[in-house]
Every structure is written in structure tokens, then in C-alpha cells.
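What follows is a short report on a single structure.
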Amino acid sequence: MQDAVVTCFGGAYAGIDPELRPATRPEFGHLQSNLPLRLAGPLGLPPQDIGARLIDAVDISTSSIHRLGGLGTLELAGAGFINVTWSPSVLGAAVRDLLTDPHLGVPAQESPKRVVVDYSSPNVAKQMHVGHLRSTVIGDALARVLTCAGHEVVRQNHLGDWGTQFGMLVEELLGEDLRDPAAVAGLDMAELLALYQRAKVRFDDDPGFADSARRRVVALQSGEPTTLALWQALVDASMTEFDAVYSRLGVLLTDDDFDGESRYNDRLPRVVDDLDALGLLTESAGAQVVYPDGFTGRDGASLPLIVRKSDGGFGYAATDLATIRHRVDDLAVDRVVYIVDHRQSQHFEMVFAVARAAGWLPDSVEVHHVGFGTVLGPDGRPFKTRSGETVTLTALLDAAEEAAAASYAGPEVVRMVANAAVKYADLSNHLARDYVFDLTRMSATTGETGPYLQYAHARVCSILAQAPQQTYAAGTPHHPAEQRLALELAGFAPVVAKVADTLEPHHLTAYLYGLATALTAFYESCPVLKAEGEVRETRLGLCEATRRVLSTGLGLLGIEAPKRM
């Protein structure tokens with residue numbers, strides 16, 4: 001239909017989305033589009049005239065909607081709707097293709113891209129908190145989808161493992177005579193947090209300790225062996241804790257994906273020198289800054305990107321620029337995706353602009369900052385503990401498992417349901433929006449929730465377990481509920497492609513919810529085990545195709561699909 005729009009009305013309308021939606025009633029066909037109504041204003045033409053021209057321009061025998069192709073009919077209805085009806089044989093063929101294709105219709109990429117996905121990024125010696133949930137869950141899902149879509153994904157966990165706080169921490173270790181790196185590496189997160197709190201109090205209250213901590217930073221930066229060994233022990237202890245959280249969440253990050261800020265320490269002076277040589281660097285109040293084009297404050301003055309601070313230290317921008325150079329020059333990426341709080345949007349836009357101006361980020365490399373909103377408590381404010389402290393990620397997962405345990409038995413099922421509740425609630429929202437963390441709603445097996453999708457998968461597995469077969473061969477669906485389910489199944493490959501392109505996981509969550517509701521309608525209207533002959537085979541084939549798509553789709557969200565609940 002997109003090609004028909006261009007044929008009828010010109011290239012200015014190329015790429016317009018027909019927004020095909022499942023028809024609300026059987027007499028409206030399988031899909032509906034209100035495209036003529038949406039084009040009426042811009043074109044200045046009656047919607048029915050637009051619809052008639054589009055229908056004449058579409059070759060239904062060769063068009064591909066949801067990758068079905070084949071025979072079908074287009075009909076103009078009402079004030080300007082286009083109804084699409086596919087023949088039962090086409091719908092049956094689509095299901096049979098899913099049953100024989102291990103990739104479920106997702107095509108191989110002719111030119112796969114090498115994509116870095118930068119996500120999670122906790123800070124060493126600090127507990128992961130609710131703010132890390134979104135980056136971790138969103139990044140993991142996008143990495144999975146991009147891999148499924150055929151791209152080569154490089155996961156990178158940009159750890160906060162460098163900076164002035166480590167001088168403070170190492171000085172506190174030495175002051176407490178904790179000099180054995182192996183013992184320090186064995187500290188758990190509670191002990192690391194207590195260490196940080198003690199060091200911070202001394203740093204704030206004892207000028208002598210503060211001076212020693214600043215000197216310790218210099219020792220760390222210069223590679224003094226004792227300081228470096230204790231710093232590495234702090235990193236190792238933190239990584240152990242991070243790994244435990246990732247394992248509990250079912251996130252695919254490993255130690256090989258850790259990409260700490262420390263990697264770039266030796267590269268920061270070169271960033272400054274090269275920007276200076278390019279004539280991009282300016283001194284401002286003793287700091288070295290770049291004024292990228294197009295960025296101004298409320299007063300209209302140009303905004304600076306601070307590369308080196310007035311005290312000689314390097315700003316976050318220097319590390320981010322060095323990171324871009326590494327990814328472009330050493331990793332040879334085609335695309336970089338940053339999963340970071342939306343409040344950092346302007347910072348990344350400025351970093352990208354400076355990197356492009358310096359020639360370090362060629363036009364051939366795409367960069368995206370996927371910003372996300374805040375997790376809110378029931379009061380509509382950022383999620384905090386009763387004492388006003390930031391909720392740790394471990395405490396959040398404990399609460400989710402406690403809620404799941406009220407309805408489910410067995411630690412493994414409870415963990416899977418809790419993760420599904422948390423992840424689906426996060427991913428089903430438009431990323432930039434805030435959302436309320438409501439465990440009662442998130443854990444329900446009714447409504448648009450992760451446990452509802454898991455329950456749908458378990459239900460279809462139960463049907464198949466009562467009629468086990470080695471192979472499934474769906475016939476032609478004739479019942480409206482069969483056809484609706486077949487149509488939903490055919491939409492899997494397009495939605496994977498859409499998420500890989502837009503980097504918006506909520507399209508996949510909405511698709512899976514639609515599939516699960518179609519399964520429920522099918523289950524209620526079409527007996528499977530009591531059916532006979534070709535009808536039974538067709539319905540079993542629909543069940544198996546649904547199981548495969550639900551399992552794979554949930555897996556792309558990082559959600560496990562239990563066979564029993």
C-alpha cells in the first residue's frame with residue numbers, strides 16, 4: 001500500500017505508514033486502514049476518492065502485507081476506510097511457513113550491521129538501584145532483537161570505575177589496614193557500601209584525609225602498584241555483585257562485556273590535544289571547552305561542552321569522545337546505541353556533534369541515544385524508600401518475587417513470573433515516558449502484563465502436551481477465531497524488523513499481547529483436542545505456531561516462557 005501511495009500521490013508521501021489494524025468486526029475483513037482519512041487534509045481530496053485511487057493502484061496478487069502476499073481483496077468502506085481480507089489459503093500458508101522456518105519468517109540481513117549496544121553502566125563500589133533497571137532491561141531487549149534481526153551485536157557495559165572517589169576509597173582501605181587485594185575482592189556489596197560511607201564522612205570532615213585521598217588519585221592515575229591493586233580489587237568485588245544481579249534478572253551481560261571508564265584514561269590527553277589541533281578547543285574560565293554549532297542556553301548564549309576542567313581533570317565528555325573513537329576505529333561499528341536516562345539527551349547530542357565536527361564519527365556510522373523516563377512510586381514521584389532513599393535493584397526484585405509468591409509456588413516459577421512482571425511493565429511503555437511501579441497490577445495474569453503472556457504460553461503448551469506430535473502441518477483456517485490467530489502470527493517478522501529499526505520495544509510487547517488475546521479468543525471458540533480430522537490438525541498447527549512465536553517473542557524481551565504455571 002505504501003507503493004500505491006507514491007504511485008498515486010508522489011514521492012512526498014513515501015514511507016507513510018498505512019497503520020493496518022485488526023478489524024473490529026468480521027464483516028470488516030481481517031485488517032483495516034484509515035489512510036484515506038489521514039491523507040484527506042494534506043491532499044485536499046475527499047477520503048473516498050483517495051481510497052478508490054489507492055485500491056486501483058494496489059496489486060493484491062503481488063503485494064505483501066505482514067509478509068503474506070498471495071490472494072486477497074481490498075474494499076472501500078464507510079467514510080474512507082480500506083478493508084483488507086486475505087483468503088483462508090493464504091493464512092494457512094503463512095502458518096505452515098512458521099512451522100517449517102526456524103527463524104519464524106525473520107529474513108537474513110543482506111548487509112548486517114555491527115552494532116554496539118551500551119547499557120546498564122553501574123558504578124563500582126555502589127549498589128545498583130532502580131535507575132539501573134530501565135537501562136539494563138531495555139538494553140538487553142534491544143540487543144536480543146537486533147541479534148534476531150540478523151545484526152552483529154557488541155554488548156558494552158560502560159562501568160563507572162574511575163575518578164576521584166577511588167582515591168578516597170583506597171585511602172580508607174589503607175587507613176583501616178585492608179591491604180590484601182584478595183580480601184578486598186571478597187567484600188560483598190553491603191561491605192562496599194559501608195566502606196564508601198565511612199570514607200565519605202572522613203573526606204568531608206577531615207581535611208588531612210581529603211588531601212591524602214586527592215594524592216591517592218594521582219597515584220592511581222600514575223599506576224602506583226599498591227593503589228592499582230586495591231582499585232582492581234574494588235572493581236572485582238563490584239563485578240561479582242553485578243554478575244549476581246544480571247544472573248537473577250536473566251540479562252545476557254558477562255564479564256567480557258564490561259567496558260570501564262578506566263579503559264580510556266590514557267586516551268583522554270590525546271582527545272584534548274587533537275581537538276586543539278583541529279581548532280575546536282576554546283578556553284573558558286580556565287577550562288578547555290568546545291562550542292558545537294546549534295546549542296544555546298535560555299539566554300541565547302552558546303553552550304560549552306567541557307572537555308577538560310579548570311582543575312586539570314577531564315570531564316565526562318572527554319571519556320565519551322574517547323569511547324566513540326574506540327568504537328569507530330577499533331571496533332569498526334556501523335551503529336552505536338546508548339541506553340541512558342533521557343536527562344542526558346543534550347549531553348549526548350553535543351558529544352555526537354563534536355565527534356562529527358572532529359571527523360571521529362563519520363556519516364556512515366549511526367548513533368542513537370535511547371533516552372528513558374523515570375520509574376515512579378504510587379505517589380507519582382520518583383520511586384524511593386519510605387526513608388527517602390533510592391530503591392536498590394535487589395530490593396525491587398525481592399519485592400517483585402514476594403508479590404509473585406502470593407500466587408505461585410516454587411522458587412523457579414516465582415522468579416520467572418517476577419522478572420516477567422518487572423520487565424514487561426518497563427518495556428511496554430513508550431521509553432521516554434515515566435511509569436508507576438505497581439506490583440499488584442504488574443503481577444496479574446489478566447490484562448496487559450508479562451505473567452498474562454506467560455500464562456498464555458503455558459496454556460498452549462498444556463494443549464500440545466495432551467496431543468504430542470513430531471511434526472505439525474496446519475491446514476486451512478476457516479473459523480474467524482482461527483483466521484484472526486493466523487493473521488496475528490504472520491505479524492511476528494515485521495514487528496521484529498520494526499523494533500530493530502525504531503529501537504522501541506513497546507511495539508513487540510503490544511504485538512505479543514495482541515497474539516495472546518487472539519489465542520484466548522481461539523481457545524474459547526475452537527475446541528482443539530475434541531476436534532477431528534483436518535480441523536484438529538489445523539488447530540494443533542495453530543497452537544504449535546503460537547507456542548513458537550510466544551516463546552521466541554518473550555525471549556527477545558528477556559522473559560522466560562514456562563511450560564507450567
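Sequence-distant or interchain residues sharing an amide H contact under 5 Å with F383, placed H: which?
Here the answer is V375, L376, G377, since their amide H atoms fall under 5 Å of that of F383.
Just by accessible area at a 1.4 angstrom probe, what is the order of H103, H347 from largest to smallest?
H103, H347
Please give the Cα centre distance for segment 351-397 versus segment 161-212, rounded to the nearest Å.
27
Just reorder I55, I306 by solvent-accessible area, largest first, 1.4 Å probe, all chains present.
Details: I55 40, I306 80 Å².
Accessible-area ranking of I55, I306, largest first: I306, I55.
What do you get for the angle between helix 189-205 and the principal long axis of the chain? Use alpha-carbon atoms, 0 to 90 degrees, nearest ten.
Between helix and principal axis, roughly 40 degrees.
Counting pairs of alpha carbon atoms under 8 Å apart in space and at least six apart in sequence, what relative contact order in percent does the chain give?
Reported relative contact order: 16 percent.
What figure in square angstrom, to the nearest 10, would you give for the accessible area of D243 with a 1.4 Å probe?
In the full protein context, D243 sits at about 50 Å².
Which order do K126, K530 take by accessible area at a 1.4 Å probe, largest first?
Numbers: K126 75, K530 180 Å².
Greatest to least solvent exposure: K530, K126.
Under a point spin-label approximation (7 Å from Cα along Cα-to-Cβ), what is the T226-T296 distance to one decimal in nm?
The modelled label-to-label distance comes out at 5.6 nm.
Convert each backbone phi in segment 171-182 into a coupling constant with the Karplus relation 6.51 cos²θ - 1.76 cosθ + 1.60 (shift: θ = phi - 60°), then list the ³J(HN,Hα) values in order as whole Hz, x for Gly and Pro.
Along segment 171-182, the couplings run 5, 5, 4, 5, x, 9, 6, 9, 10, 8, x, 5 Hz.
What's the angle, to the nearest 10 degrees (0 to 90), between helix 225-249's Cα axis and the longest principal axis of the chain?
Approximately 20 degrees, to the nearest ten.
Amide H to amide H under 5 Å from V153: which residues, 5+ apart in sequence or cross-chain, H placed 1.01 Å off N in plane?
V115
Angle, helix 393-405 long axis vs. longest principal axis of the chain, Cα atoms, 0 to 90°, nearest 10?
Approximately 40 degrees, to the nearest ten.
Let a ≥ b ≥ c be the square roots of the eigenvalues of the Cα gyration tensor of segment 262-344; is it rounded (a/c under 1.5), or, if not, prolate (a/b larger than b/c) or oblate? Numbers along the way, then the final one.
Values: a/c = 1.78, a/b = 1.26, b/c = 1.41.
Oblate shape, in that a/c is at least 1.5 and b/c is the bigger or equal ratio.
Whole-Hz ³J(HN,Hα) for each residue in segment 211-216, computed from phi via Karplus 6.51 cos²θ - 1.76 cosθ + 1.60 with θ = phi - 60°, x for glycine and proline: what do you get?
5, 5, 5, 5, 5, 5
Multiply the residue gap between K384 and A12 by 0.36 nm, knock off their C-alpha separation, and tell me the result in nm, one decimal place.
Full extension from K384 to A12 adds 129.1 nm.
Compute the separation of the alpha-carbon centres of segment 497-547 and segment 223-239 and state it in Å as a whole number.
52
With every protein chain left in place, what is the accessible area of T385 in Å² (1.4 Å probe, nearest 10)?
50
Mind checking the full-extension length gain between D255 and V272? Use 0.36 nm per residue of separation minus the Cα-Cα distance, one decimal, nm.
Details: separation 17, 0.36 × 17 = 6.12 nm, distance 3.01 nm.
Here the answer is 3.1 nm.
Among (i) 26.8; (ii) 23.7; (iii) 27.8, find the value of Kirkwood radius over Cα pairs in Å that was calculated from the structure presented, and write down its label.
(i)
For the chain, what does the helix formula give at 222 nm: sum of -39500 (n - 2.57) over DSSP H segments with n ≥ 4, over the residue count, nearest 500 deg cm²/dmol?
-16000 deg cm²/dmol
Compute the Cα gyration tensor for segment 322-396, then decide on rounded, prolate or oblate, letting a ≥ b ≥ c be the square roots of its eigenvalues: rounded whenever a/c is under 1.5, prolate when a/b is larger than b/c in the other cases, and oblate in all that remain.
Values: a/c = 3.59, a/b = 2.74, b/c = 1.31.
Taking the square roots of the gyration eigenvalues as a ≥ b ≥ c, segment 322-396 is prolate.
Counting only protein heavy atoms and a 1.4 Å probe, tell me what percentage of segment 106-219's accessible area is made up of carbon and sulfur.
Roughly 51 percent of what the probe reaches on segment 106-219 is carbon or sulfur.
Each residue of segment 147-164 in turn: what ³J(HN,Hα) in whole Hz from Karplus with 6.51, -1.76, 1.60 and θ = phi - 60°, glycine and Pro shown as x?
5, 4, 6, x, 8, 8, 9, 10, 7, 9, 10, 7, 5, x, 10, 8, x, 5
For the chain, give me the percentage of DSSP beta bridges that are antiparallel, rounded to the nearest 5 percent.
On the way: 22 of 40 bridges.
Restricted to the chain, the bridges split so that about 55 percent are antiparallel.
Just how much of E532 is accessible, in Å², when a 1.4 Å probe is used and the result is rounded to the nearest 10?
150
The values are calculated or read from the model by the stated rules, or taken from the named source; none is laboratory data. Fair warning: this is a prediction, and the values are worked out from it, not measured in the lab. FYI the Cβ positions are ideal-geometry reconstructions off the backbone, even for glycines, and counts take in every protein chain you see. Surface areas here come from the heavy atoms of the whole protein model, side chains and all, with no ligands, DNA or RNA. Shrake-Rupley method; radii C 1.70, N 1.55, O 1.52, S 1.80 Å.
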